[in-house]
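To start, the structure itself, in structure tokens.
Please treat every number below as a calculation from the coordinates, not as lab data. Quick caveat: nothing in here was measured; it's all calculated off a predicted structure. A quick note on method: Cβ atoms are made from the backbone with ideal geometry, for glycine too, and the neighbour counts reach across all protein chains shown.
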């Protein structure tokens with residue numbers, strides 16, 4: 001789309017472009033897997049298995065040991081169905097389990113304690129985001145900005 005020099009681009013378009021760019025390593029819709037994983041598989045499994053990557057519908061899950069890999073392979077179809085049900089699309093075609101460190105990003109988290117590796121904003125951060133978002137009247141812009149703020153907070157927390 002060509003614009004003349006005096007026209008402005010709505011901030012919603014800019015933020016939405018950030019989320020739809022092909023430069024991102026995964027589809028952000030697929031990234032919801034990390035958010036819903038614990039609820040889908042339950043606390044016990046979540047302590048031993050974490051999603052690592054998803055590529056072309058194949059979800060790689062890092063698991064603490066081979067015993068858990070074997071157990072989870074029996075449950076793979078059920079887990080896949082539950083994930084796809086929550087995501088409301090056929091995002092996950094297949095799940096592969098591999099023994100490894102079940103953390104979202106080992107390079108970022110290397111040498112850090114569990115308290116330092118937060119996956120979600122703190123209650124204080126959530127309140128601050130809510131205050132900021134409450135001032136945005138446009139619903140679509142508010143939703144886009146909210147998604148952007150959560151992704152930014154997650155990246156800051158991983159550093």
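Couple of notes before you dig in:
- Relative contact order %, the stretch 23-102, counting alpha carbon pairs below 8 Å whose residues are six or more apart: 35
- Going from the fewest other Cβ atoms within 10 Å to the most, the residues 148, 97 appear in the order 148, 97.
- Order of 88, 32, 93 - criterion: other Cβ atoms within 10 Å of each residue's Cβ, fewest first: 88, 93, 32
- Remark: 79, 36 ranked as 36, 79, counting other beta-carbon atoms within 10 Å and listing the fewest first.
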